[in-house]
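Visitor: Below is a structure I'd like to ask you about.
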Amino acid sequence: MRRLLATAVMTVLAALCQAQTLRWSSQGDMQTTDPHSQNELMTNSLNSQVYEGLTRRMKDMTMGPSLATEWTQLSPTSWRFKLRAGVRFHDGTPFTADDVVFSMQRLRDANAPQRVFANAVGIPKAVDPLTVVFTLDKPNPVVPELMANLFIMSRRWCEQHRVTRPLDFKKQEESYASQNANGTGPFILVSRQPGVKTVFRRNPAWWGTFEGNLQAFTYLPIANDATRTAALITGEVDFVLDPPPRDVARLRTQPGLKVLDGEENRLVFIGMDQARDRLLYGEVPGGRNPFKDLRVRRALYHAIDIEAIRTKLMNGYAQPTGGLTSSPRGAYGDPRLETRLPYDVAAARKLMAEAGYAEGFEVTMDCPNNRYVNDERICIALASMWAQIKVKVKVNAMPRTLFFPKVEKFDTSLYLAGWGGGSTDADVMLTPVLRNRGEQGVGVSNYGGSINNEADALAAASTVETDPHKREALVKAALQGFRDQVNIIPLHRQVIPWAMRKDVALPHSPNNWASMDWVTVGK
């Protein structure tokens, strides 16, 4: 009888665990399990289930404690973080201040795209096993925000597996950290098959409190839009992060499914090579780089029918903007910094003629085909629009695993990209994307190599200004300076509906980031 009872209990528990497993999907896979070698949304999102920062963004997008329980600004250039006691990495190694110091050093490596933020928070020093003081070379008013995405690794584990440096993703380098992970977070990496599936299970020793009931989850990248939608309808997956806009209305009417709507803190834009004298990928009369001419950049902007993209391509799931921040809040809600150049083909043709390109030119546009909503289709639509001003565009679409290494090597002439995340502060866009390329990772994602000295100086000043009103003025002036020179061409901010089974509960997030410890299934 006892044996039968025990068997019955085990059967019930197994069924319960199965019911508390989530299968979810998006169009592209994470790029690596090395949390310091890529700064891309899906990669960061999945790695954040395993790795943690000193701070964490909460459901309302405010900053909360994580591996640090409290922080204090000791002076304009000094911050003290008190670390959480009793935390262990997944391999059982205790978490200490030494791991924080090591991780920040690893994040400052030339292979780490996050080095711009790691350098911005200063040099850490372990005061005792649970206290770290960061010393900055200049004030930074957003240090706690930056800490959220600077993930902490185990020094012992990295040394043991010879991964003390981030892998060089641009050169498609592989290391032990490419497919293995050892964090402190709520879930443990079980297995990884790139492009197929990645499996995680609950960390029973996590220091935090699970608000959801997940025991495990599996991430299944499905590139094809129709296949991804069908997988949700037939029950092969439980949650789709990025349902195709054209399918959202149908998904809303499906029994057993629901759709959560929300805006994303992400700007989709066009970048242009403004550094080289000749384009790497193009045929231009006279051989000059046309993108170095402001008139050409303005002409491309004027030739974009942004409303057609919004209504016909995005099915309304986009907010056209002329802003240069991931959210209007980054520009302090100033409507003057959101206005677009009008759609005006005649004006575009006039500018092309004035610049000496009345007969146009040819150029290749690099574009991901599984990163942003309808990314490849947007590029094809732009190519058609620019044909009206005799700019012949060859769309070079590719998976994100090829796109990011290419543009990160600045191996591009024209490209579509996006930028955003949890923080709505303007510096998240200004310093890595818009500013001139410089030391300590400044301009690391300025793939077009644009130079705007006046706006760059204003943006640099805003990063060290602690007076809120003075900082607001500097940020606005910097943004207007980059707008005036059309260093990038903004398109829209994404609107992201999430589609899922009705018995799946999770809070929609503006950073398009699903935190699995908040997910409940089967209730």
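The values are calculated or read from the model by the stated rules, or taken from the named source; none is laboratory data. No experiment lies behind these values; they were computed from the predicted model shown. Every residue, glycine among them, receives a Cβ derived from its backbone with ideal geometry; neighbour counts consider all protein chains shown. What goes into the accessible areas is simple: the full protein's heavy atoms, side chains included, and nothing from ligands, DNA or RNA. Shrake-Rupley method; radii C 1.70, N 1.55, O 1.52, S 1.80 Å.
Visitor: Any chance you could count how many residues in segment 353-377 are farther than 18 Å from Leu267 by Cα, open to solvent by less than 30 Å² (accessible area, probe 1.4 Å) and touching a Gly at 6+ places or on another chain (Cβ under 6 Å)?
Guide: Residues in segment 353-377 being farther than 18 Å from Leu267 by Cα, open to solvent by less than 30 Å² (accessible area, probe 1.4 Å) and touching a Gly at 6+ places or on another chain (Cβ under 6 Å): 1 in total.
Visitor: Please go through segment 280-325 and give me each residue that is more than 25 Å from Asn452 (Cα to Cα) and assigned to a helix (DSSP H, G or I), ordered by number.
Guide: Ile306, Glu307, Ala308, Ile309, Arg310, Thr311, Lys312, Leu313 - these are the residues of segment 280-325 that are more than 25 Å from Asn452 (Cα to Cα) and assigned to a helix (DSSP H, G or I).
Visitor: Name every residue in segment 154-164 that is over 18 Å from Ile123 (Cβ atoms) and of a type outside the set (Phe, Trp, Tyr), in order of residue number.
Guide: If the condition is that a residue be over 18 Å from Ile123 (Cβ atoms) and of a type outside the set (Phe, Trp, Tyr), then Ser154, Arg156, Cys158, Glu159, Gln160, His161, Arg162, Val163 are the ones that fit.
Visitor: Looking only at segment 60-96, which residues are hydroxyl-bearing (Ser, Thr, Tyr), part of a loop (DSSP other than H, G, I, E, B) and farther than 30 Å from Glu263 by Cα?
Guide: Residues satisfying the conditions are Thr77, Thr93, Thr96.
Visitor: Within segment 97-107, is even one residue open to solvent by less than 10 Å² (accessible area, probe 1.4 Å), out of contact with any helix residue (DSSP H, G or I) (no Cβ under 9 Å at 6 or more places or on another chain) and in a helix (DSSP H, G or I)?
Guide: yes
Visitor: Let me ask another. Can you tell me which residue is least open to solvent (accessible area, probe 1.4 Å) among those in segment 480-510 that are among the polar types (S, T, N, Q), farther than 19 Å from Leu22 by Cβ and outside any strand (DSSP E or B)?
Guide: So, considering only residues that are among the polar types (S, T, N, Q), farther than 19 Å from Leu22 by Cβ and outside any strand (DSSP E or B), the one least open to solvent (accessible area, probe 1.4 Å) is Asn487.
Visitor: Please find, within segment 511-523, the residue that is farthest from the chain's Cα centre (by Cα) out of those that are in a loop (DSSP other than H, G, I, E, B) and buried (at least 17 other Cβ atoms within 10 Å of the Cβ).
Guide: Val519
Visitor: Continuing with the same structure: If only one of Ile309, Ile389, Ile304, Ile380 is of a type in the set (Val, Ile, Thr), under 27 Å from Leu279 (Cβ atoms), open to solvent by 50 Å² or more (accessible area, probe 1.4 Å) and out of contact with any Gly (no Cβ under 6 Å at 6 or more places or on another chain), which one is it?
Guide: Ile380
Visitor: Then there is this: Filter segment 349-364 for residues that are assigned to a strand (DSSP E or B) and touching a Lys or Arg at 6+ places or on another chain (Cβ under 7 Å) and give the result.
Guide: The answer is Glu362, Thr364.
Visitor: From (1) at pLDDT 95 or above; (2) more than 24 Å from the chain's Cα centre (by Cα); (3) surrounded by 15 or more Cβ atoms within 10 Å (Cβ to Cβ), pick out the condition that doesn't hold for Pro139.
Guide: So the condition that Pro139 fails would be (1).
Visitor: Hey, another quick one. Hey, can you tell me all the residues within segment 74-90 that are farther than 15 Å from Glu52 by Cβ, surrounded by fewer than 20 Cβ atoms within 10 Å (Cβ to Cβ) and in contact (Cβ under 8 Å) with a residue 60 or more places away in the chain?
Guide: Pro76, Thr77
Visitor: Then there is this: How many residues are within 19 Å of Ala85 (Cα to Cα) and in contact (Cβ under 8 Å) with a residue 60 or more places away in the chain when one looks only at segment 151-172?
Guide: 5
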